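To start, the structure under review is shown below, and the notes come after it.
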Amino acid sequence: MLEMVIALGALCLGLVIGWAAHRRHAGVDTDDAAAPPVEADRPAIDRQAAEVLDALRSISLVVDASDRVVRASPSATALRLVRGQELLHEELRTLVRTARRDHELHEVELDLSRGLRGGGRITLGVRVAPMSDRHVLVLVDDRSQSRRVEETRRDFVVNVSHELKTPVAGLSLLSEAVDDARDDPAAVHRFAQRMRTEADRLNRLVQEIVELSRLQVADTLDDPQRVDVAACAHDAIGHLHLLAEDRQITIVGDEIGQRRAEVFGDAHLITTAIRNLIENAVNYSAAGTRVAVTVQATTELVSVAVKDEGRGIAVTELDRIFERFYRIDAARSRGTGGTGLGLAIVKHVCANHGGEVTVWSEEGHGSTFTIRLPAAAPPHAPSAPSIP
């Protein structure tokens, strides 16, 4: 609001100075009651407005009496609020006319389409105020990003509450069942095993929520070290050996190689990311199939690919699989102990290491997830001692 007041004051002062200068230049007494010609004062208005608007951080527009835009910041065009001298959205045109008619400041929040044919929505905080009888100032604050963050946080709380509710409710019911079956040792043992399963799932969910929160707070690594990604891949396979055997799936790591593929980062996080990809591949593959893990290194990049022979992922779901708590098959994911956070963790681990994770998939032909991280420059070999 303070910026709005400063902008209006500076613009009005500029208009007065520009109008007076124009009158003196034209040889007209500035005390004359007659109003200056409409077209004569327009260049001064545009010039003085430009000087102030260029100094503003807000997205800004100046609209004349014919609803033509006579001044617009580049961001206004980039947001598709303006095309040439046309104000594109009817909601904005209505606000401008209302401010001109009422001679008052109007402040609203608008949810507008990003383009003439849709293509997403943008949330704008809009302040409109008359500068003169003919010109109206429009200041726009793009709140789309903050709104998305707010919605993401809200969804996160809802999802966490839902995910925690399921194992907690299961434990509650099982504890009652144990109490009712206290005279039946076999039933107590069976219920105790199910309680352990739910407790393990709850423990994993809490751990992954904490891990993901930590990754999202820290954009970069505090103390990156040289990490051999090939060794991380071998560790990840070792962790999942028993799970793969239980599902009758073969994990193939022959192409990982013995040559070091180093990056700067956190070995634990990189191992976790690779393990999450392999575990997903195992959980969504049929018995008797293979999961192949490869590690490749160039002077620029180290890449880890995890390829499965599962059912693949529909094109419509590819854009969402890295979202928190998103599951392609919710029932199957819960049956395998999945939390829906594994791929989100992979995404943030890669981002924090300056890399990325991508996916190729086709229904009926399996999926390949690929992690790409910037390679660490090879360490300098110690120079040979000089011979005296």
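The values are calculated or read from the model by the stated rules, or taken from the named source; none is laboratory data. Only a predicted model underlies this, so the values are computations on that prediction, with no experimental measurement involved. Quick reminder, even Gly has a Cβ in these numbers, built from the backbone with ideal geometry, and neighbours come from all protein chains shown.
General remarks:
- Screening the stretch 68-98 for residues that are touching a residue at least 24 places away in the same chain (Cβ under 8 Å) and part of a strand (DSSP E or B) and picking the one that is surrounded by the most Cβ atoms within 10 Å (Cβ to Cβ) gives 71.
- Of all residues in the stretch 277-322, those satisfying the criterion of being exposed (fewer than 12 other Cβ atoms within 10 Å of the Cβ) and either outside the structural domain of residue 235 (by TED's automatic domain parsing) or of a type in the set (Val, Ile, Thr) (or both) are 298, 299, 315, 316.
- Subset of the stretch 242-271 [crowded, with 22+ Cβ neighbours inside 10 Å and under 20 Å from residue 307 (Cβ atoms)]: 249, 261, 270
- Unmet requirement for residue 101, which otherwise passes all of (1) modelled with pLDDT of 90 or more; (2) buried (at least 17 other Cβ atoms within 10 Å of the Cβ); (3) out of contact with any strand residue (DSSP E or B) (no Cβ under 6 Å at 6 or more places or on another chain): (2)
- Meets criteria (closer than 25 Å to residue 350 by Cα and modelled with pLDDT of 80 or more) for residue 224: yes
- The number of residues in the stretch 70-98 being of a type in the set (Val, Ile, Thr) and modelled with pLDDT of 90 or more comes to 3.
- Subset of the stretch 165-204 [surrounded by 14 or more Cβ atoms within 10 Å (Cβ to Cβ) and of a type in the set (Lys, Arg)]: 190, 194, 201, 204
- Identity of the residue in the stretch 177-221, polar (S, T, N, Q) and under 28 Å from residue 322 (Cβ atoms), that ends up modelled with the lowest pLDDT: 220
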